[in-house]
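Below is one structure, written out as structure tokens, with a few remarks after it.
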Amino acid sequence: MAVMTAATPSQSPADRRVSARVGSISESATLAVDAKAKALKAAGRPVIGFGAGEPDFPTPDYIVEAAAKACHDPKYHRYTPAGGLPELKAAIAAKTLRDSGYEIDPSQVLVTNGGKQAIYEAFAAILDPGDEVIVPAPYWTTYPESIRLAGGVPVDVVADETTGYRVTVEQLEAARTERTKVLLFVSPSNPTGAVYSLEQAAEIGRWAAEHGLWVLTDEIYEHLVYGDATFTSLPVLVPELADKCVVVNGVAKTYAMTGWRVGWLIGPKDVVKAATNLQSHATSNVSNVAQVAALAAVSGDLEAVEEMKKAFDRRRRTIVRMLNEIPGVNCPEPEGAFYAYPSVKGLLGKEIRGKRPASSVELAELILEEAEVAVVPGEAFGTPGYLRLSYALGDEDLVEGVSRLQKLLGEAV
Ligand SMILES: Cc1ncc(COP(=O)(O)O)c(C=O)c1O
């Protein structure tokens, strides 16, 4: 819950405890669900967690070994330049060319404490108070908070299951005002798993370029696309965007490295310089040893992610099929990342075990209590009436968890 601490005339600044700016930030709902599920589990309850967006695989050995070696070398016990190890920046530039065909200079890279810090710093570097950012919804819960912290104004553009959660240029154009500065773009998407076709992405990119807008494109799930879906980096599809485009990426999802905390942003040199200055005062460099691990990751091949992808694809098909078997649940097929985002509007207001959940928050609470299954309600992503389930958990747990959902929600009358 947000803690509002707006000043009242009788209050002196010293009486106000938490600043209004930071006090208005909500807790990350996804991390909160995960924490609750882990606490229940620690108390001995057999909770199955679909909450957290992290692969269940260990980080590949060659990456762990590179880090272990660095731990024993005093060279890596020191600060690095605030913007990252030069060899890692060069390797990120090489990886970006290899994977996306996007040619950049290492000076256009800032190594950050995960993709999250990259997003925060990119908005902080670009936005002035009152600048509007168009945010397609359902959105990842961190985007609006980081926009607001930077003084910006998030403007939601909502897409629902009927379009596979993809917004159109017409919708974006309807949301554009003279205050619009940035379009946020993410494909594959968290929380919906939606992937834009190359034509759709190019049309959106051209629209942004035509209106001189900046684009922040989050490419953290670039390697996790299934079936016929393909990923292409937006500034490669629409090269005229490059001068006003910030690309966010990281090692967390591709190499099962969520806990190592290494991400990066790529952008025009002036923005990267400004964001690096900010980071130099806020956190300095990312852990030196973690940067060495990321260097091994991005310099290596993509075999590990190909293996994970096979498992995710299998789980994806299972979860979508099983969810759609539940009356009142409608789950379009996600084509990327590792999330399913079913509509549960058909269940709201119905009676389940003596309760009538009126919102997806209440339904998620009921599911946790009665089925011991953790899911994240759509309210966290700007669209009530939905649930997000991460399918980056083991096959057996996945089937057991969704079977529990089938049993519980099948009782709705
Ligand atoms: C869309 C998206 N972007 C960025 C991130 C940030 O990842 P990290 O900070 O772990 O690198 C996440 C993590 O869940 C995500 O889902």
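Since every read-out is calculated from the coordinates, none of them should be taken as a lab result. Just so we're clear, the structure is a prediction, and the values are computed from it rather than from any experiment. Don't worry about glycine lacking a Cβ; one is built from the backbone with ideal geometry, like all the others, and counts go over all protein chains shown.
Data overview
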| quantity | calculated |
| --- | --- |
| Kirkwood-based Rg to Rh ratio, the range 341-391, C-alpha trace | 0.94 |
| Relative contact order, percent, the chain [alpha-carbon distance under 8 Å, six or more residues apart] | 21 |
| Likely footprinting exposure, Arg317, Arg78, Arg388, fewest C-beta neighbours within 10 Å first | Arg78, Arg317, Arg388 |
| At R0 = 30 Å, FRET efficiency that the Cβ-Cβ distance of Thr230 and Glu65 yields, to 0.05 | 0.35 |
| Part-to-part distance (alpha-carbon centres) for the range 239-307 and the range 388-413, which is given in Å | 34 |
| Rough spin-label spacing in nm, given labels placed 7 Å along Cα→Cβ, for Lys38 and Arg17 | 2.5 |
| Ascending count of other beta-carbon atoms within 10 Å, so fewest first, for His223, His77 | His77, His223 |
| Extension gain (nm, one decimal) between Asn277 and Asp301, 0.36 nm per residue minus Cα-Cα | 5.4 nm |
| Candidates Gly263, Gly349, Gly385, ranked by Gaussian network fluctuation over the chain, Cα under 10 Å, top entry | Gly349 |
| Arg179-Arg356 FRET efficiency (beta carbon distance; Förster radius 56 Å; 0.05 resolution) | 0.85 |
| Residue order, fewest to most beta carbons within 10 Å, for Trp264, Trp207 | Trp207, Trp264 |
| Gyration tensor (alpha-carbon) shape descriptor, the range 204-285, a/c threshold 1.5 | oblate |
| Out-of-range pairs (alpha-carbon distance over 18 Å; input Lys41/Lys350; Lys38/Lys309; Lys41/Lys407; Lys95/Lys310; Lys41/Lys116; Lys95/Lys253) | Lys41/Lys350; Lys38/Lys309; Lys41/Lys407; Lys95/Lys310; Lys41/Lys116 |
| Rounded if a/c under 1.5, otherwise prolate or oblate - the range 53-203, Cα gyration tensor axes | prolate |
| Value of relative contact order over the range 306-413, rounded to a whole percent, pairs C-alpha under 8 Å and six or more apart | 30 |
| Percentage relative contact order, the range 61-299, counting C-alpha pairs under 8 Å, at least six apart | 29 |
| Cα gyration tensor shape of the chain, rounded if a/c is under 1.5, else prolate or oblate by comparing a/b with b/c | rounded |
